[in-house]
Amino acid sequence: MKPPAFDYLRAATLDEVLEALWEGGSDARILAGGQSLLPMLNMRLARPSVLVDVMHVDALRQVTASGDALKIGAAVRQAQIEHRADLVGELPLLAAAIPWVGHMQTRASGTLCGSVAHADPSAEIPLVLLALLGSVHLRSRKQRRTLKADDFFTGMMATARADQEVIEAISFPLARPDTGYAFREVGRRHGDFAIVACAAVVDRKGARLAVGGVADMPMARPLPLPEEGSALDDALETFAWDLNARDDLHATARYRRELVRRLGRQVIEEAVRRRDGVTPPPTGHQQDAA
Amino acid sequence: MPRLSATSRHPVSFTLNGRPVRGEAEPRLLLHDFLRHVIGATGTHVGCEHGVCGACTVQIDGAPVRSCLRLAVQSDGAEIRTVEGLAPSPERLAILQESFREHHGLQCGFCTAGILMSLDAFLRGNPDPTEAAIREVLSGHLCRCTGYTPIVAAAMTAAARLRAEEPSHA
Ligand SMILES: Cc1cc2nc3c(=O)[nH]c(=O)nc-3n(C[C@@H](O)[C@H](O)[C@H](O)COP(=O)(O)OP(=O)(O)OC[C@H]3O[C@@H](n4cnc5c(N)ncnc54)[C@H](O)[C@@H]3O)c2cc1C
Ligand code: FES
Ligand code: FES
């Protein structure tokens with residue numbers, strides 16, 4: 001349970017990060033909060049030749065609310081965003097989901113960009129990014145590009161990021177008027193990875209539901225509003241089957257499909273109530289979301 | 001800091017419980033091994049070595065962090081607190097430790113150092129916590145002996161005493 005040998009580079013500038021990735025290719029790994037990478041190293045599931053620590057690069061520590069999005073740099077820790085003064089107003093969905101990301105002790109280290117880079121199919125931050133159709137800002141020595149969340153996640157812990165690219169930042173579209181947001185998760189214990197997690201965004205025209213923990217990556221699709229007869233239940237049934245759930249140690253495929261149907265309806269109904277101002281926005285504490 | 005080579009040892013220095021410490025570490029050396037084997041501070045315990053059990057929790061720059069998921073070289077320049085830094089003097093326990101003793105918040109004590117470091121950090125920012133909030137903090141720790149109920153009671157008692165002691169926090 002000790003990591004294999006690797007070089008360590010504490011980058012001081014973004015250029016150093018880009019240079020090291022350019023030279024190292026797939027043998028180089030970004031080290032951000034280390035909450036997924038260090039367990040993988042300790043269990044010898046990864047053997048990089050160099051770790052490039054991005055946490056001391058000032059340019060990657062920025063959090064900017066500009067126009068209609070909150071842009072969060074690669075060196076910003078989850079706890080910092082969780083405790084942001086107006087997170088509930090700016091990003092009610094992220095405020096509701098972030099207390100479910102591991103534990104206080106892992107959020108004090110882990111970054112949001114690291115979670116998106118790691119792309120665990122049960123992870124909450126990729127789910128929220130997909131539900132809101134946020135963006136991933138990638139940069140290598142040669143180019144900069146921005147991908148929408150649905151083009152970024154490509155499979156089981158697989159993304160469109162090239163080995164030479166760093167995720168410079170991710171952006172979440174800010175809360176829109178006349179729109180409701182809701183998040184719920186079922187897990188074995190608080191802090192465990194989700195068996196199923198659902199995030200809903202509802203406006204006057206329709207709903208968008210994102211589901212994590214079922215397919216090999218978070219998946220989202222538009223769904224009808226609950227008032228329109230059985231249309232929502234039928235659409236949830238189709239979605240639940242399309243997600244192609246599998247049995248594993250934690251839950252059966254059938255249980256997961258049932259959760260998609262039930263939790264899916266619950267979050268959409270909750271988001272409708274929030275849109276209509278019937279229930280206040282989530283406070284970010286897990287007791288309220290459960 | 002230049003690129004540190006995998007095969008040699010490099011100087012690492014940080015503040016441990018208010019005092020400067022230094023030693024040498026290969027890049028792959030985990031912080032808890034550095035604390036225990038290089039510095040000789042064995043109060044921090046090690047369980048799972050993959051972030052799940054919480055035994056190794058220390059405070060880095062004020063925040064509770066797994067020392068099994070931190071490299072010694074990453075910690076260069078940091079401000080680190082461990083269980084050895086809690087008691088105000090060798091004859092006196094901290095309020096939080098005293099409450100653990102009264103409520104039987106520990107049996108074998110394997111998990112205790114990590115739990116104390118999490119609770120100490122949490123209570124500083126949340127002087128008047130609910131029991132649910134304490135349980136949420138404890139979700140990041142495994143204790144195989146106590147069943148957690150005495151730990152929750154100890155944390156609630158400590159919070160009340162700390163509020164009485166420092167009215168500015170109330
Ligand atoms: C006990 C425990 C419970 C957890 N529970 C949950 C949970 O319930 N939900 C959840 O979502 N997560 C959970 N996690 C994982 C979460 O804590 C991690 O923080 C997150 O997955 C990764 O972020 P990080 O900053 O720690 O990244 P690291 O571990 O440093 O990196 C993870 C991966 O992403 C790459 N990477 C990191 N940053 C970048 C970047 N900017 N550009 C390109 N590549 C990058 C790294 O090279 C590595 O491959 C848990 C972890 C632990 C230890
Ligand atoms: S030893 Fe670090 S969390 Fe278990
Ligand atoms: S007191 Fe023995 S594990 Fe907690």
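Miscellaneous remarks
- Among A:Ala85, A:Ala271, A:Ala96, the largest mean-square fluctuation in a Gaussian network model of chain A (Cα springs under 10 Å) belongs to A:Ala85.
- Convex hull volume per residue for the stretch B:8-51, taking Cα atoms only, in Å³: 79 Å³
- Cβ-based net charge around A:Leu147, under 13 Å, with every Lys or Arg adding one and every Asp or Glu removing one: +1
- For B:Ala25, the residues whose modelled amide H falls within less than 5 Å of its own, excluding neighbours fewer than 5 places apart on the same chain, are B:His10, B:Val12.
- Across all Cα pairs in the stretch A:14-142, the calculated P(r) in 5 Å bins from zero up to the longest distance comes to 2, 10, 19, 24, 20, 14, 8, 3, 0 percent per bin.
- Rounded to the nearest 10 degrees, the inclination of helix A:231-242 to the longest alpha-carbon principal axis of chain A is 40 degrees.
- Computed across the stretch A:126-165, the Kirkwood radius stands at 10.6 Å (inverse of mean 1/r, all Cα pairs).
- Interface between chains A and B: roughly 3000 Å² of accessible area buried, both sides summed (probe 1.4 Å, protein heavy atoms only).
- Carbon and sulfur %, accessible surface of chain A computed with the full protein complex present, 1.4 Å: 49 percent
- Most mobile listed residue (A:Ser135, A:Ser115, A:Ser66) in chain A, GNM with C-alpha springs under 10 Å: A:Ser66
- Adding -39500 (n - 2.57) for every DSSP H run of four residues or longer, then dividing by how many residues chain B holds, sets the calculated 222 nm ellipticity at -8500 deg cm²/dmol.
- For chain A, the extents of the C-alpha atoms along the principal axes are 59, 43, 33 Å, listed from largest to smallest.
- Sorting the segments A:155-162, B:69-76, A:87-94 by their residues' average number of neighbouring beta-carbon atoms within 10 angstrom, most packed first, yields B:69-76, A:87-94, A:155-162.
- Highest-fluctuation residue, A:Glu228, A:Glu269, A:Glu237 considered, GNM on chain A with Cα pairs under 10 Å: A:Glu228
- In the full protein context, chain B carries 45 Å² of accessible surface per residue, based on a 1.4 Å probe and ignoring ligands, DNA and RNA.
- Whether the stretch A:67-115 is rounded, prolate or oblate, judged on the alpha carbon gyration tensor where a/c under 1.5 counts as rounded: oblate
- Accessible area (Å², 1.4 Å probe, nearest 10) - A:Tyr181: 10 Å²
- Shown for chain B is the translational diffusion coefficient from the Stokes-Einstein equation, using the Kirkwood radius over Cα pairs, a temperature of 20 °C and a viscosity of 1.002 mPa s: 129 µm²/s.
- Converting phi to 3J(HN,Hα) with the Karplus coefficients 6.51, -1.76 and 1.60 and the offset θ = phi - 60°, the stretch A:271-276 yields 5, 4, 4, 5, 4, 7 Hz in sequence order, with x at every glycine or proline.
The values are calculated or read from the model by the stated rules, or taken from the named source; none is laboratory data. Please read these numbers as outputs of a predicted model, since none were measured by experiment. A quick note on method: Cβ atoms are made from the backbone with ideal geometry, for glycine too, and the neighbour counts reach across all protein chains shown. Side chains included, ligands, DNA and RNA excluded: accessible areas come from the protein's heavy atoms. Shrake-Rupley method; radii C 1.70, N 1.55, O 1.52, S 1.80 Å.
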